[in-house]
Amino acid sequence: MSEFVHVERDDAGVATVRLDRPKANALSGAVLAELAAAASDLERDLPRAVVVTGGDRIFAAGADIAEFDERPVGWETARAFHRALGAIAALPRVVIAAIEGYALGGGLELALACDLRVASSSAKLGLPEISLGLIPGGGGTQRLPRLVGLAVAKRLVLTGEPLTAAEALGVGLVDRVVEPGQATEAARAWAQRFASGPLAALAFAKVALAEGTQGSLEEGLALEQALFAQVFTTEDARIGVRSFLTDGPGRANFVGR
Ligand SMILES: CCCCCCCCCCCCC[C@H](O)CC(=O)SCCNC(=O)CCNC(=O)[C@H](O)C(C)(C)COP(=O)(O)OP(=O)(O)OC[C@H]1O[C@@H](n2cnc3c(N)ncnc32)[C@H](O)[C@@H]1OP(=O)(O)O
C-alpha cells in the first residue's frame, strides 16, 4: 500500500501518478521506493499514456534534505534514484509532467524524466543543489542540457536560480503553460490525445529520439531507418495509411479496432 505515491487509471487508459507527501513532496527514501514501485507497476501493466503530478503548491521540492542530514547519500541510493527516473523515461508510452508551484532539484529531475511538461503560470523550475553545496544527482546535469542546451543548463545549475513558467516555456523546458490549478487537468487532456493515438509509433519515436541522439549522426540515422522499417509492419501503420486514403488526414481510429 503506497503512502506517498498514488496511481489512478482512467477509462481512456491514462495513468496518473500523484506525489502526496506533506509538506513539500520532498523525495525521501520511502518516496523513492514507492516511485520505483509505481514505475514497475506501469511497466508490468502498461497504460496508454501517463501523467505525473504533485501538490497544488509544490510539484516536488527535491530530495529530502533532512535525510541528507541523517546520512550522506550513498552510491546505491543515488543509483536507485537514477533507476526510478530511468524506468519512467523508458516507458514505451508518452509521459507528461503536470507542474503546479515549485519543481526544484530532484523534483525538476523527475519532470525531466518525463517526455513533456505542462506548468501553471505560477510554477518555478530550478536546480538549487549548488546552494546546498551539492550538484544535481538525479540526472539534472545530463537531461537538462540535452533538452534546453548547455548555456541555459549551465546557468540553472551554476546559479541555482529557478525559471518562471514563462521563462521555462521560452527555453523549451516546459511545453505548455496554463492557468494556476489547471496543470493536471490540461496534462490529462493532452495525455488522452496520446492515449487514443498510434501507441506503437509513439513508442518507436521515443526510442529513436532518446537513443538515436546518443551517438553519431550516422548511428542515429541507422537506428531511425531500422525503426522506420519496423513501424511499417504495425497494425497502427496499416490503420493510419488506410484511413488517410479513405477518409483524409487526422481521422484514423487507433483505439477502436
Ligand atoms: C528520490 C530521492 C530519494 C531520496 C533519497 C536520497 C536521495 C536520492 C539520491 C540522489 C538524488 C538527488 C536529487 C537532487 O539532485 C538533489 C536534491 O533535490 S537536493 C534538494 C533541492 N531542493 C531544494 O533545495 C528546495 C528546498 N526547498 C525550498 O526551497 C522551499 O521549501 C520551497 C520549495 C521553495 C517552498 O518554500 P516555502 O513555500 O516557503 O515553504 P517552506 O520552505 O516553508 O517549506 C515547507 C516545509 O517543507 C520543508 N521542505 C521544503 N523543501 C524540502 C526538502 N527538499 N527537503 C526537506 N524538507 C523540505 C521545509 O523545511 C518546511 O518544513 P517545516 O519548516 O514547515 O517543518
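For VAL255, the conditions (1) open to solvent by 80 Å² or more (accessible area, probe 1.4 Å); (2) under 22 Å from ASP115 (Cβ atoms); (3) not in a helix (DSSP H, G or I) are fulfilled apart from (1).
When each of PHE81, PHE4, PHE59 is tested for being in contact with a helix residue (DSSP H, G or I) (Cβ under 7 Å, 6 or more places away or on another chain), within 21 Å of LEU163 (Cα to Cα) and within 12 Å of the ligand (Cβ to nearest atom), the lone residue that passes is PHE59.
For the stretch 117-126, filtered to residues that are in a strand (DSSP E or B) and in contact with a helix residue (DSSP H, G or I) (Cβ under 7 Å, 6 or more places away or on another chain), the residue that is nearest to the ligand (Cβ to nearest atom) is GLY126.
For the stretch 93-116, the tally of residues that are within 12 Å of the ligand (Cβ to nearest atom) and open to solvent by 50 Å² or more (accessible area, probe 1.4 Å) stands at 1.
Note on the stretch 233-252: residues that are surrounded by fewer than 11 Cβ atoms within 10 Å (Cβ to Cβ), within 17 Å of ALA201 (Cβ to Cβ) and out of contact with any Ser or Thr (no Cβ under 7 Å at 6 or more places or on another chain) total 3.
The values are calculated or read from the model by the stated rules, or taken from the named source; none is laboratory data. Computed from a predicted structure; not experimentally measured. As a convention, Cβ positions derive from the backbone with ideal geometry for all residues, glycine included, and neighbour counts pool all protein chains shown. Surface areas here come from the heavy atoms of the whole protein model, side chains and all, with no ligands, DNA or RNA. Shrake-Rupley method; radii C 1.70, N 1.55, O 1.52, S 1.80 Å.
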